[in-house]
Amino acid sequence: MKEIIVSENDSGQRIDRFLSKAFPLSQGQICKLARKKCIKLNGKRCEPNTHIAQNDVIRLFVPDEMLIPKTASPDEFMSASTEIDIVYEDENILLVDKPVGMVVHEDDSGTSDTLINRIKSYLYQKQEYHPEDELSFAPALCNRIDRNTCGIVIAAKNADSLRILNQKIRDRELTKLYLCIACGKVEPKSALLTAYLEKNSDTNTVKISDKKTKDNLTIKTKYRVLGFNGENSLLEVDLLTGRTHQIRAHL
């Protein structure tokens with residue numbers, strides 16, 4: 001039997017999601033264990049979708065080999081540089097100015113020198129992140145931007161901040177604006193563009209259409225022209241939908 005006291009960072013989520021993050025357990029295994037009453041929450045049987053709170057007591061009546069924690073190792077991120085341009089920091093969040101050429105998460109290139117690994121390394125050395133004490137949480141990014149785009153990325157230092165910021169982004173309480181250069185003179189000087197985007201996952205390319213089909217998704221791009229130098233226009237863009245390559249493809 002293993003007993004877990006729910007920490008602040010682990011609270012507020014479904015017990016099945018917590019267990020799948022903390023241990024090598026599949027959703028099917030967790031449902032089966034719940035049916036067999038092998039998972040108890042505060043001494044009582046619980047459903048997989050039950051939400052857990054801080055200081056709840058979870059007891060798991062399963063073989064020890066099923067419960068090897070999936071805790072992160074500093075080796076996974078300490079090879080990354082700690083050089084980051086911090087725009088703002090408090091006890092809950094970091095705002096970092098990501099340069100052109102850096103990826104935010106690991107991609108097909110296999111590099112470990114990513115923005116999130118730099119943030120983890122920075123917080124680990126500040127002793128604000130202790131991966132050996134965390135079962136289901138690690139510092140995480142609330143928004144992403146492409147390798148070849150620079151700009152501010154928000155990182156959450158704790159689970160509560162991550163949930164709040166993700167909700168505010170979903171509810172559009174937080175506005176993200178993009179600056180971009182477009183070829184030629186863009187007319188009119190401001191507009192809300194609507195079209196339909198179809199993605200080819202094999203080639204990582206997209207196609208824009210004026211007609212809706214079963215295979216494409218609606219995109220909405222709002223812009224205003226900030227300047228024109230005789231050849232190119234400088235635009236401020238507000239993405240009302242966030243699809244792959246949306247700004248470049250739509251413009």
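The values are calculated or read from the model by the stated rules, or taken from the named source; none is laboratory data. All of these numbers come straight from a predicted model, not from anything done at the bench. Because the Cβ atoms are built from the backbone with ideal geometry, glycine has one as well, and the counts that use them run over all protein chains shown. The accessibility values were calculated without ligands, DNA or RNA, using every heavy atom of the protein model including side chains. Shrake-Rupley method; radii C 1.70, N 1.55, O 1.52, S 1.80 Å.
With a 1.4 Å probe and all protein chains left in place, how much accessible area per residue does segment 169-251 have, in Å²?
On the way: 5800 Å² over 83 residues.
Heavy-atom accessible area per residue stands at 70 Å².
Between helix 115-125 and the chain, what is the angle of the helix's C-alpha long axis to the longest principal axis, kept within 0 to 90° and rounded to the nearest 10?
So the inclination is approximately 50 degrees.
In Å², what does the accessible area per residue of segment 99-144 work out to with a 1.4 Å probe?
On the way: 2280 Å² over 46 residues.
Using a 1.4 Å probe on heavy atoms only, each residue of segment 99-144 averages 50 Å².
In debye to the nearest 20, how big a dipole does the chain give about its Cα centre with +1 on each Lys and Arg Cβ and -1 on each Asp and Glu Cβ? List each step's numbers first, then the result.
Values: 37 positive and 36 negative charges, 296 e Å.
It comes to approximately 1420 debye.
Helix 159-170 versus the longest principal axis of the chain: what is the Cα-based angle in degrees, 0 to 90, to the nearest 10?
30
Roll a 1.4 angstrom probe over the protein heavy atoms and tell me the percent of accessible area of the chain that is carbon or sulfur. If you can, show how the numbers build up before the last one.
Numbers: 7010 of 14780 Å².
Carbon and sulfur atoms account for 47 percent of the accessible area of the chain.
For the residue pair Asn232 and Asn143, what label-to-label distance in nm results when each label sits 7 Å from Cα along the Cα-to-beta-carbon direction?
That separation, rounded to one decimal, is 2.2 nm.
Using +1 at the C-beta of Lys and Arg and -1 at the C-beta of Asp and Glu, which of Pro188, Asn166, Leu177 has the Cα lying farthest in the positive direction of the dipole of segment 119-251?
Pro188
How far apart, in nanometres, would the label points at Arg224 and Arg172 be if each is projected 7 angstrom from Cα along the Cα-to-Cβ direction?
About 1.6 nm separates the two model spin labels.
Any idea how far apart Glu76 and Ile152 come out in nm if each label point goes 7 Å out from Cα toward Cβ?
So the two model labels end up 2.9 nm from each other.
Along the three principal axes, how long is the chain when you take its alpha carbons, biggest first, rounded to the nearest angstrom?
72, 45, 33
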